[in-house]
Every structure is written in C-alpha cells, then in structure tokens.
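J.: Below you'll find the structure I mean.
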Amino acid sequence: MTHFLKVGILAATLGLGLSFAAQADEATDNAATQSRQHLMSGIGGAMGTLGCYMKGECALPDPVVANLAKGVAYAASAAPGAFEIATPDATLKTTAKADIWSDWDKFAPRFAVLEENALKLAAVAGDKAAMGPLLGEVGKSCKGCHDDFRSK
C-alpha cells in the first residue's frame, strides 16, 4: 500500500515537472492542476487511514503507520513545487484559491511545517499516546491551509 502511495506521488510529481516543459496552455494547466489534485488526495487518503487507525477502526502494522506518515511528509516536500506555477488557463474544477499565488510567502512555508510534523509522527508510529498530539498538529496544518487557500 505504501509503495503504491509513494509511486503515485512520485508519478504525479514527475508528470507535473514534465508538463511545464511545454508552453502554458489549457492542456498544460489542466495537467498541472490534476497532478496537484492527486498529490493532495494522497495526503488526504493517508490522513484518513491514520485516523482510522487512531480510532481503532482498522489495524495496521507499525511500519505501515510510519510509511503513511512518511508519505504525507514526502507529499508536503513536493507540494511547493507542484503549486509554484499558477495555472490560469486550467478548465478543471479546483478548490484552490488564487490567493495561493498572490500570497505565496504565506502559503508555501506551511508545507515545511506539515512535513516536519509528519516526520515526527512517523518516528512514533505505533505509540498511539504519542501519535495523538502529533496527528492533531498534522491535521491543524491541513485545516489551516484549507481555511485560507481552499474554497469550499
């Protein structure tokens, strides 16, 4: 499962990099938008699975829990590059606000905080008492960014 998450995130990141080689247009902007959406969906999926684990609704081996958190950290490290170039010609539906690019200095650094907290979470995988507060911090990172830079 973790392998597929990493491969998917890597493929999305590589696809995004290749898409910017061409001149910006609707197709290119749509591809970049879709790559960002896949990257963020990977974070959401990992967070949902970690929540399931913390609630006791699903059992996961400690290495899988650690790899889910590491997947969030990896996606957070890739996200600024994925969002760096605005995609004004995209016609895909997106919840990303234009504030991402107009307030880049407020947006981009949030991913470093998310990455740091996700790595701390990975380090305590399996210790639910230690994981709880850290998962809360990861969740706050997600929510804070969504509140400011994602339309509802």
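The values are calculated or read from the model by the stated rules, or taken from the named source; none is laboratory data. Worth saying up front: this structure is predicted, and the values here are computed from it rather than measured. Methodologically, a virtual Cβ is constructed for each residue, glycine included, from the backbone with ideal geometry; neighbour enumeration extends over all protein chains shown.
J.: For Leu114, state whether it is in contact with a Cys (Cβ under 8 Å, 6 or more places away or on another chain) and either aliphatic (A, V, I, L, M) or farther than 24 Å from Lys55 by Cβ (or both).
T.: On the way: in contact with a Cys (Cβ under 8 Å, 6 or more places away or on another chain): yes; either aliphatic (A, V, I, L, M) or farther than 24 Å from Lys55 by Cβ (or both): yes.
Yes, satisfied.
J.: Among the residues that make up the range 29-49, is at least one of them outside any helix (DSSP H, G or I) and over 17 Å from the mean Cα position of the chain (by Cα)? I'd like the intermediate steps shown before the answer.
T.: Taking the range 29-49 and keeping what is outside any helix (DSSP H, G or I), we get none.
For the range 29-49, residues outside any helix (DSSP H, G or I) and over 17 Å from the mean Cα position of the chain (by Cα): absent.
J.: Still on this model: Here is a list of conditions, (1) crowded, with 20+ Cβ neighbours inside 10 Å; (2) at pLDDT below 95; (3) farther than 25 Å from Leu135 by Cα, and Thr33 meets all of them except one; can you say which number that is?
T.: Failing condition for Thr33: (2).
J.: While we're looking at this one, here's another question. For Ala75, state whether it is crowded, with 23+ Cβ neighbours inside 10 Å, in contact (Cβ under 8 Å) with a residue 24 or more places away in the chain and over 15 Å from Leu134 (Cα atoms). Break it down stepwise before answering.
T.: Values: crowded, with 23+ Cβ neighbours inside 10 Å: yes; in contact (Cβ under 8 Å) with a residue 24 or more places away in the chain: yes; over 15 Å from Leu134 (Cα atoms): yes.
When the stated conditions are applied, Ala75 passes them.
J.: Where residues in the range 78-92 are free of Cβ contacts under 8 Å to residues at least 40 places away in the same chain and in a loop (DSSP other than H, G, I, E, B), which of them is surrounded by the fewest Cβ atoms within 10 Å (Cβ to Cβ)?
T.: Step one: of the range 78-92, the residues free of Cβ contacts under 8 Å to residues at least 40 places away in the same chain are 80, 84, 86.
Within this subset, residues satisfying the condition of being in a loop (DSSP other than H, G, I, E, B) are 84, 86.
Details: Glu84: 14, Ala86: 16.
Out of the qualifying residues, it is Glu84.
J.: If we only count helices (runs of 4 or more DSSP H) wholly inside the range 93-142, which ones have 3 or more residues that are crowded, with 19+ Cβ neighbours inside 10 Å and in contact (Cβ under 8 Å) with a residue 24 or more places away in the chain? Outline the logic, then answer.
T.: Working: elements: 99-102, 104-107, 110-123.
So the answer is 110-123.
J.: Just give me the residues in the range 48-72 being surrounded by fewer than 11 Cβ atoms within 10 Å (Cβ to Cβ) and in contact (Cβ under 8 Å) with a residue 24 or more places away in the chain, in sequence order.
T.: Scanning the range 48-72 gives no hits.
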